[in-house]
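Reviewing the structure listed below.
The values are calculated or read from the model by the stated rules, or taken from the named source; none is laboratory data. This structure is a prediction, so every number in the text was calculated from the model and none was measured. For neighbour counting, all protein chains shown are included, and Cβ atoms are generated from backbone atoms with ideal geometry for every residue, glycine included.
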Amino acid sequence: MAYRRRILTDPHPILRKVAKKVTALELRMPLTQQLIDDMLETMYAAPGIGLAAPQVGVSKRIFVADVADEEGQRKPYVFVNPVITELQGEETATEGCLSLPGILGDVTRAQSCVVTGWDRHGRKVRVEASGLLARCFQHEADHLDGILITDKATNIREAVAVTSDSAGARSAPTDVSI
């Protein structure tokens, strides 16, 4: 499956810039709506669980995410001009990034958070998130501020490929590229 948009990789300079806020008028424009559709398609094709506009070369404060819940149900999220508040708890987990292919690192983030902003239609949204969803939201919000996981991670290393032993048992990292 081809990507709808090319995902930029480090050291592309746009990945290090603070993205610009989206105006209500910009959000209503067909080009912005197409960007959101393209971002979702690109994220799924990558495959990833989140993608920020700067990762596809657009310095705007938009990110998309889709993380399966405990029952395996998926729901795509679109945040425009997101703000993360009510950070609670702390946990360290391994993260990857679509803009840093083949690289993993251990990143400490809040265990739960609240994200507010607009949806793709300009309606105010508020989502309480925990676990992997909260981690994903924080990771994507970092992209909007020009921050990559290599700025926060410890134990930065190359990702290990999936392997099989002679009995056919597979082992692989349980890490997810965000």
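What are the pairs with Cβ atoms under 7 angstrom where one residue, in the range 98-123, is more than 25 Å from LEU8 (Cβ to Cβ) and the other, located anywhere, is assigned to a loop (DSSP other than H, G, I, E, B)? Sequence gap at least six, or different chains. Between residues of the range 98-123 that are more than 25 Å from LEU8 (Cβ to Cβ) and residues that are assigned to a loop (DSSP other than H, G, I, E, B), the close pairs are THR108/GLU90; ALA110/GLY89; ALA110/GLU90; GLN111/GLY89; GLN111/GLU90; SER112/GLY89. Every condition in (1) in a loop (DSSP other than H, G, I, E, B); (2) crowded, with 19+ Cβ neighbours inside 10 Å is met by PRO11 except one, and the failing one is (2).
Which numbered condition trips up PHE63, out of (1) more than 17 Å from ASP119 (Cβ to Cβ); (2) modelled with pLDDT of 95 or more; (3) surrounded by 13 or more Cβ atoms within 10 Å (Cβ to Cβ)? Going through (1) more than 17 Å from ASP119 (Cβ to Cβ); (2) modelled with pLDDT of 95 or more; (3) surrounded by 13 or more Cβ atoms within 10 Å (Cβ to Cβ) one by one, PHE63 breaks only (1). Is there a residue being without any contact (Cβ under 8 Å) to a residue 40 or more places away in the chain and closer than 23 Å to ASP151 by Cα anywhere in the range 25-42? The answer is no; no qualifying residue exists. Of everything in the range 24-56 that is exposed (fewer than 14 other Cβ atoms within 10 Å of the Cβ) and not in a helix (DSSP H, G or I), the residue that is modelled with the highest pLDDT is MET29.
For PRO76, the stated conditions do not hold, so it cannot be described as touching a helix residue (DSSP H, G or I) at 6+ places or on another chain (Cβ under 8 Å), surrounded by 20 or more Cβ atoms within 10 Å (Cβ to Cβ) and at pLDDT 95 or above. Filtering the range 32-59 to residues that are closer than 14 Å to ASN81 by Cα, in contact with a Lys or Arg (Cβ under 6 Å, 6 or more places away or on another chain) and not aliphatic (A, V, I, L, M) leaves only SER59. If we keep just the residues of the range 14-23 that are touching a helix residue (DSSP H, G or I) at 6+ places or on another chain (Cβ under 8 Å) and surrounded by 14 or more Cβ atoms within 10 Å (Cβ to Cβ), which is farthest from ASP66 (Cα to Cα)? So the residue we want is ILE14. One residue alone among ALA68, ALA93 is part of a strand (DSSP E or B) and either among the aliphatic types (A, V, I, L, M) or surrounded by fewer than 13 Cβ atoms within 10 Å (Cβ to Cβ) (or both), and that residue is ALA93.
Results for (1) outside any strand (DSSP E or B); (2) out of contact with any Cys (no Cβ under 6 Å at 6 or more places or on another chain); (3) within 20 Å of THR85 (Cβ to Cβ), shown as yes or no for each residue.
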| position | (1), (2), (3) |
| --- | --- |
| LEU104 | no, yes, no |
| THR108 | no, yes, yes |
| VAL114 | no, yes, yes |
| GLY117 | no, yes, yes |
| ARG120 | yes, yes, no |
| GLU128 | no, yes, yes |
| LEU133 | yes, yes, yes |
| GLN138 | yes, yes, yes |
